[in-house]
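Asker: Take a look at this one; I'll ask things after.
The values are calculated or read from the model by the stated rules, or taken from the named source; none is laboratory data. In this text, all values refer to a predicted model and were calculated from it rather than measured experimentally. FYI the Cβ positions are ideal-geometry reconstructions off the backbone, even for glycines, and counts take in every protein chain you see.
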Amino acid sequence: MSNQVVLITGALTGIGRATAVAFAKAGANIVISGRHADEGQKLAAELALLSMLAASTPWKALPRQPPSSLPRPESGSTSWLPDQSRQEC
């Protein structure tokens, strides 16, 4: 996986962390993201020992409520996305 860049969100714990380590061991360049900048820097340092490049960037979660500029859901709807944006599985 040399010359490949992998971006992993939620990489500081659990499956995200295991995924980051696996890709680093495979030789990919890693960019990780998580809510705690200090923990992200620690993990990036660990990954740098396994890979050519590892970087961390903190992120903030989006608000639970949709922005007021978006249309409100119809009564009984579970989604605030317009119908054409939703896809049935």
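Asker: Would you confirm whether any residue within segment 26-39 is free of Cβ contacts under 8 Å to residues at least 60 places away in the same chain, among the basic types (Lys, Arg), in contact with a Ser or Thr (Cβ under 9 Å, 6 or more places away or on another chain) and over 20 Å from Gln4 (Cα atoms)? Please lay out each step first, then the result.
Answerer: So the first thing to find is which residues in segment 26-39 are free of Cβ contacts under 8 Å to residues at least 60 places away in the same chain, and the list is 26-39.
Subset that is among the basic types (Lys, Arg): 35.
Filter once more, keeping what is in contact with a Ser or Thr (Cβ under 9 Å, 6 or more places away or on another chain): none.
The answer is no; no qualifying residue exists.
Asker: Starting from segment 1-21, take each residue that is in contact (Cβ under 8 Å) with a residue 24 or more places away in the chain and list its partners that are crowded, with 17+ Cβ neighbours inside 10 Å and among the acidic types (Asp, Glu), counting only C-beta distances under 6 angstrom and pairs at least six apart or across chains.
Answerer: As it stands, the answer is Leu12/Glu39, since those pairs meet every condition given.
Asker: Can you tell me how many residues within segment 30-45 are outside any helix (DSSP H, G or I) and among the polar types (S, T, N, Q)? Break it down stepwise before answering.
Answerer: Looking only at segment 30-45, we keep the residues that are outside any helix (DSSP H, G or I), and these are 30-36.
Subset that is among the polar types (S, T, N, Q): 33.
Of the residues in segment 30-45, 1 are outside any helix (DSSP H, G or I) and among the polar types (S, T, N, Q).
Asker: With the requirement that a residue be in a helix (DSSP H, G or I) and within 17 Å of Gly40 (Cβ to Cβ), what does segment 1-29 give you? Steps first, answer last, please.
Answerer: First, the residues of segment 1-29 that are in a helix (DSSP H, G or I): 14-25.
Within segment 1-29, Gly14, Ile15, Gly16, Arg17, Ala18, Thr19, Ala20, Val21, Phe23, Ala24 qualify.
Asker: Let me ask something else. Scan (1) of a type outside the set (Asp, Glu); (2) modelled with pLDDT of 65 or more; (3) within 20 Å of the chain's Cα centre (by Cα) for the single condition Leu49 breaks and write down its number.
Answerer: Unmet condition: (3).
Asker: Restricting segment 27-39 to residues that are among the small types (Gly, Ala, Ser), surrounded by 15 or more Cβ atoms within 10 Å (Cβ to Cβ) and over 11 Å from Thr13 (Cβ atoms), which is modelled with the lowest pLDDT? Before the answer, list the steps.
Answerer: Going through segment 27-39, the residues among the small types (Gly, Ala, Ser) turn out to be 27-28, 33-34, 37.
Remaining after also requiring surrounded by 15 or more Cβ atoms within 10 Å (Cβ to Cβ): 28, 33-34.
Adding the requirement that they be over 11 Å from Thr13 (Cβ atoms) leaves 28, 33.
Details: Ala28: 90, Ser33: 87.
Going through the qualifying residues, I end up with Ser33.
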